[in-house]
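Note sheet for the following structure.
The values are calculated or read from the model by the stated rules, or taken from the named source; none is laboratory data. Keep in mind that what you see is a predicted model, and the values were worked out from it rather than measured. Cβ: placed from backbone, ideal geometry, glycine included. Neighbour counts: every protein chain shown.
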Amino acid sequence: MIRRRIWESVYNSRAPDAVSWYRPHLELSLELIERCAPLSSASIIDVGAGESTLVDDLLSRGYRDLTVLDVSKNSYRRNEGAIRAFQRNDVRWIHGDITRICLPAQSFDLWHDRAVFHFLVNSEQREAYVRSVLNAVRPGGHVIVSTFGPEGPAQCSGLDVVRY
């Protein structure tokens with residue numbers, strides 16, 4: 001609950017481009033996704049999507065089976081691309097904590113996370129996350145997880161992170 005309140009505060013108080021992790025387009029993520037899931041029919045989940053434009057960019061590339069998950073209800077409300085995508089029937093929006101939510105079994109061809117795993121500072125959280133991945137990703141599917149490297153910050157938005 002504390003993490004949820006912090007993220008609600010971040011998304012209520014800062015513009016999408018006023019946070020250190022903002023990128024107008026996630027070129028590296030898009031390249032990896034297109035390499036791992038080249039078919040537009042691939043089922044993709046973006047975990048910890050925040051105010052990212054990734055969902056908009058995936059839609060513009062023809063992907064039509066997209067799920068956006070974030071712990072904050074406010075994360076996508078001010079992002080124009082996300083607002084447009086939110087109105088589409090081929091994007092599912094899930095509000096929840098990935099360490100507590102139960103996703104449908106073997107429902108995704110690709111799992112994308114650019115913003116969550118490094119915030120899981122205790123082993124129980126990381127184990128719950130891995131269980132979610134193992135449950136939700138289809139056999140033969142792909143998982144893309146980005147984290148802070150060894151030289152990265154020890155905190156982000158006031159929260160401790162784990163560096164890998």
Of all residues in segment 139-156 being out of contact with any strand residue (DSSP E or B) (no Cβ under 6 Å at 6 or more places or on another chain) and touching a residue at least 40 places away in the same chain (Cβ under 8 Å), the one that is surrounded by the fewest Cβ atoms within 10 Å (Cβ to Cβ):
C156
Could you tell me which residue of segment 53-75 is surrounded by the most Cβ atoms within 10 Å (Cβ to Cβ), considering only residues that are under 10 Å from the mean Cα position of the chain (by Cα) and more than 15 Å from I33 (Cα to Cα)?
D70
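When you go through L66, L103, L58 one by one, which is the residue that is at pLDDT 85 or above and more than 20 Å from L134 (Cα to Cα)? Spell out the reasoning first.
Details: L66 fails: more than 20 Å from L134 (Cα to Cα); L103 fails: more than 20 Å from L134 (Cα to Cα).
Criteria check complete, one pass: L58.
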